[in-house]
Every structure is written in structure tokens, then in C-alpha cells.
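Below you'll find the structure, written out as C-alpha cells, and then a few comments.
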2 protein chains.
Amino acid sequence: MDQIRIIEVSPRDGLQNEKVPVPTSAKASLIVSLREAGLEEIEVSSFVSPKWVPQLGDVSELWPLLPDGGLYSALVPNARGYENARALGVSRISVFTAASSAFTLKNINMTVAESLDGFRPILKEHEGFKRAYVSTIFECPYAGRIEPAAVAKLAEELFEIGADEISLGDTIGVGTPSEVTQLHEAIRHLDHQKIVWHFHDTRGTAIANVAKALELGYRSFDASAGGLGGCPYAKGAGGNLATEDLVYFAHREGLTTGVDLLKLSQATLPIFEILGRPPTAKVQLAALAEWRSSQESAQQ
Amino acid sequence: MDQIRIIEVSPRDGLQNEKVPVPTSAKASLIVSLREAGLEEIEVSSFVSPKWVPQLGDVSELWPLLPDGGLYSALVPNARGYENARALGVSRISVFTAASSAFTLKNINMTVAESLDGFRPILKEHEGFKRAYVSTIFECPYAGRIEPAAVAKLAEELFEIGADEISLGDTIGVGTPSEVTQLHEAIRHLDHQKIVWHFHDTRGTAIANVAKALELGYRSFDASAGGLGGCPYAKGAGGNLATEDLVYFAHREGLTTGVDLLKLSQATLPIFEILGRPPTAKVQLAALAEWRSSQESAQQ
């Protein structure tokens, strides 16, 4: 049976968009639960300045609490963040850019080229696993549609300067399967196994895009348990693809994930209790409604 | 450019699941707004007993208020309902069954065969357009997975006894594209133009299923504006595919619908105000977030 690979991004990409402070111990428990649900690759946090993203300011306290055996990564936004990551022995790092300078300028206050200049020495120096995020692969909220050729050129450059894999993100959740196909045509000369798709379900198209990517031979997807997070720089763009929805879909399509869907659905519940809001994963909401309904029947 | 056909079901399939009473005038306004947004085919209500579905008990008052020119249908659950529909001059009628007797027994208190016995004379007598709903095409909440061959056999029988089109419903919203393909294989000898897919987005798979159906050559889809409704008999199964999400997807894929997405997104707002809850159409929620964000920016 075909296996897909899921990179769980809720502790970093999910929580960075949440304003209610989540205690370090709750983050550590979340990661333990995600691991117990079968997720191995987890992006844990970011070595960003606490001034920018207070929610992730505890990465140095969190890191030593991680359970053994996972493949944990952290975002390093700059040289200082990288030094801090190295001091903690972080072996898997991620760097961030986008297909649109209009987006990176609003987001990290530099052009795409400047962002590459910033992390080129980091990728050169680092000996562990290196992931590069490319945001706004289909459309930028400020510059409009993105040419697939531009994404392809950027991806080539990222591999050239040392990225081990590239996460292609539809940051504002606008894309549809024909756009996945068009981008695939532009990057088909690159190694599929080093390409990860990062979809948002903002407009209900994420699973359709996953289906198309699977059909085109890709097997790696980012997802966020409970649907935690979105993009803080593209306001109104909620909706990371929920890991539960991805896992449900994959299993129903006959693919294996290594994930226990019930355990996964429970993993984020303490976090949503802290945040004071329900999860957005549709599969979780459906399961909750079924459970409530069975409780009502039992009382009748 | 390829055109898809949308059958709008919110006034009937959507509202029948809402407990807060919606005044007849608000329903009439909704239908006017849906028409202005470009929707032509609308399932308006049901000639069901008001005891069963109080929300639709005003069909006889509502019908004369419909704006001219639309293709309006109504569900007729039995001979009495059909007589009432005829008295009002309803020319497009719908009848209801499912692929699973476990489902129809819980739902309308008869087996699938008995339901056909019930509406066979109606389909024979009626001279206007006749639609037949088949629920639980992939899975029944009580009997489990459904064999595609069983759905195909039922569809053949429905055509034989006079149905002009069949709406195939994934009532509990569990299906994925490979199931669409399997059912397609079983019904490929039937006329595609007479098959309508009715997906629910309960687990985030509706648009992926639409994409697969389009790829297989189908062009007709049921949808519910604002995501109104679900299935009252399969508790926990919320999530009719929202018309807004279908239209967004279709337009982004280069298909035409004849629908103005902005007008459509506004059409249901008075209804949700009455219901006291927000819409569930993802495209509407994204647009609302964008609008709020622009208001905040304008105030800064």
C-alpha cells in the first residue's frame, strides 16, 4: 500500500498565529501526544525574536522537553536564530521565503533575493537537514498571480544553495488542482521526493489539491493538527490544512500514514481548551457531533 | 469555456435542518436574491407534512411568491404531497430514496423498495420534470459501505419508472474521489447529463469529489448557498457543499457557472441573521475576514 509522509507543523506554524499564550508545558504535552498518534516529523518552534512572535519565545525551554526519537525541526529566521538553534543542538532547520517580494517585504521586511542572501550562509554552514519554505506559490495577496516559472526558478536556486527539501505553500489558500498541475509542469525536472506541498483550506480546496498532487506522484504534505493556524501576514487567510482531514482522506483513499486518527483528534484538545475555541479540522468536528449524538441517544 | 450546472437546494435541503423558524417572506427574499445572483434551478421546498418538518410547512404560501422565470422544484414525499403540489401548479417535482433500506427505514419508515412503490404512480402520472434523490451512495450510517452496483441498479430502476434525472447524494459526507470513480464505473452506461452529484463537505472532501466528477465528464452538481443544512436523519452529518465554495472552485478552474459570487455570498446573510449563526461556506468566511481586515487597515 502506498504511504504518504506528513510533516506536522501545528506547534510552529499553528501556534505562531494564536494570540492566547500557550504554556511551554502544554506545548511539550502536545508534541508528546502528536508523537503518540504516530507523527514523526514535527516542526516544533521558531528561533525568531520573542518581540516578533511572543508565542514562540520559549523555544529554548521547550526544546529540552521533547520526547526522544522524533524528527524535530525549527525555523531559523536569521544568523542569530541559527546560533541559538545550534547551541541547543537542533539538527533539522527550516528557512523561509516566498515567491513574491511584495509578500516578503510586508512579512520579513526584505525582498526574496535579500532573504536568500540572509540564509545562504546558514544553509552552507549547517550540516543537518535543511528545509526551505516558499510561500505564496499560486498568488500573493499584494502582487496577484504568481508565474509557475518563477516558483520553479526559486526552487532550483534553493536546492543549489543547499536545501534538502522545499515546502511549497499556498499561503492564502486560493489554489485549485489545475494550478497544482501547472506548477508541477514547471518543477517536474526536480526530485519529487524533495518537494512538500503545504496547502491551506481557506476556500475548501486543500484536499482537492492534495488529491491532484498524489495523482502527479507527490507523497509529502505539511499539515497542522486541529487546523491550528494560518498566515499572520495575510490577514483573513486562516485555514492550514488540518492533519486530521489529510489523514482521513489518505486512509479512505487506501494510503497509509502511520497515524492513529482517534489519538490525533484528541492530541490538540488541551490546546483548544487553552485557546478557548474549537478546532477547525472537519473530521474532528464531525466526530464530535457523532459523539454528542450518541450521548443524546443513550439518554433517551 | 466549459459550463457547469448548479442546482441550488438551500431553501429546501438547507432550511429543513434548521430549527429556528424562518418567515415565509424571508424565504421568498432568499429565492429572489439567489435568482439575482444567477441561479436558475432552485429546489424551493417540500410538500411534506408540517408535523414532520415544520420549517417547510408554508410551501403553499411560499410558492405564489416566487419570482418569474426560475426552474423551481419541490420535494413530494407521498401521494398527498403530490396532490398539494399539483393544486399549486408545481411542474418540477422531486422524490426521495436511498441506497440503503437501513437508512430509509430510519428516515421515512419504509424500505427502499417500498419507497419506490410509493412514488412509482406519482412519476407515472406527472408530466413535468422529475428528479429522484438517492441518498447514502457511498456509505450508510447504519449499514456501512454501499456497493456501487447496488446504486447503479437503483438508478436504472429510477430511470425506468420515469425519473428525468438522479441526484446521487453522499449524505453523511464520507466519500473520496476513488469512490466517485468506482461509482462512475458502475453507472457509466447511464446518461451523464441526467446524473447530478450531491456532495457534503462534512470531512473536507466535497471539492475533491467535484474535481473528480468533472474529470469523469459530469457537469451537474447540487449545492446549498452559505452551506445551509445537512441531513437531519444522520445526526452529526452537517455540511452540504456550499454553493459559494463550488462557484469559487469552478471559476478558478476556468469553468463558467452564470453565478455572481459576490451577490451569492450576500444572498443568505439575512437568513443567517434570523438563524443567529454565521454561514459555513469557506469562501464567504474568507471574504468576511478580508473585509474586516480592510476595515481595520482603513482605521489605522
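The values are calculated or read from the model by the stated rules, or taken from the named source; none is laboratory data. Just so we're clear, the structure is a prediction, and the values are computed from it rather than from any experiment. Counting neighbours? That spans all protein chains shown, and the Cβs are built from the backbone with ideal geometry, glycine included. Surface accessibility is based on the protein's heavy atoms, side chains included, excluding ligands, DNA and RNA. Shrake-Rupley method; radii C 1.70, N 1.55, O 1.52, S 1.80 Å.
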*Please verify whether the stretch A:59-69 includes one or more residues that are of a type in the set (Gly, Ala, Ser) and under 26 Å from residue A:277 (Cβ atoms).*
no
*How many of the residues in the stretch B:165-222 are open to solvent by 20 Å² or more (accessible area, probe 1.4 Å), part of a loop (DSSP other than H, G, I, E, B) and within 14 Å of chain A (Cβ to nearest Cβ)?*
2
*Being open to solvent by less than 30 Å² (accessible area, probe 1.4 Å) and not β-branched (Val, Ile, Thr) narrows it down to one of B:89, B:70, B:57, so name that one.*
B:70
_When you check residue A:83 against the structure, is it without any contact (Cβ under 8 Å) to a residue 24 or more places away in the chain and open to solvent by 30 Å² or more (accessible area, probe 1.4 Å), yes or no?_
yes
*Confirm whether residue B:4 is more than 24 Å from residue B:271 (Cα to Cα), of a type outside the set (Phe, Trp, Tyr) and either at pLDDT 95 or above or open to solvent by 10 Å² or more (accessible area, probe 1.4 Å) (or both).*
yes
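So that you can scan it fast, the table gives a plain yes or no per residue for (1) modelled with pLDDT of 95 or more; (2) outside any helix (DSSP H, G or I); (3) away from chain B (no Cβ under 14 Å):
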{"site": "A:254", "(1), (2), (3)": "yes, yes, no"}
{"site": "A:259", "(1), (2), (3)": "yes, yes, yes"}
{"site": "A:263", "(1), (2), (3)": "yes, no, yes"}
{"site": "A:272", "(1), (2), (3)": "no, no, yes"}
{"site": "A:277", "(1), (2), (3)": "no, yes, no"}
{"site": "A:284", "(1), (2), (3)": "no, no, no"}
{"site": "A:289", "(1), (2), (3)": "no, no, no"}
*Would you call residue A:116 under 22 Å from residue A:171 (Cα atoms), touching a residue at least 40 places away in the same chain (Cβ under 8 Å) and either open to solvent by 10 Å² or more (accessible area, probe 1.4 Å) or out of contact with any strand residue (DSSP E or B) (no Cβ under 6 Å at 6 or more places or on another chain) (or both)?*
yes
*Of all residues in the stretch B:80-107 being of a type in the set (S, T, N, Q), part of a helix (DSSP H, G or I) and within 19 Å of the chain's Cα centre (by Cα), which is nearest to residue B:64 (Cα to Cα)?*
B:107
*Does residue A:124 qualify as being part of a helix (DSSP H, G or I) and free of Cβ contacts under 8 Å to residues at least 12 places away in the same chain?*
no
*asked:* Conditions first: (1) over 18 Å from residue B:12 (Cα atoms); (2) out of contact with any Asp or Glu (no Cβ under 6 Å at 6 or more places or on another chain). Residue B:145 passes all but one, so which condition is the exception?
replied: (2)
*Does the stretch B:231-241 include one or more residues that are open to solvent by 30 Å² or more (accessible area, probe 1.4 Å), more than 13 Å from chain A (Cβ to nearest Cβ) and farther than 24 Å from residue A:202 by Cα?*
no
*asked:* Going through B:187, B:172 one at a time, which residue ends up being of a type in the set (A, V, I, L, M) and over 21 Å from residue B:17 (Cα atoms)?
replied: B:187
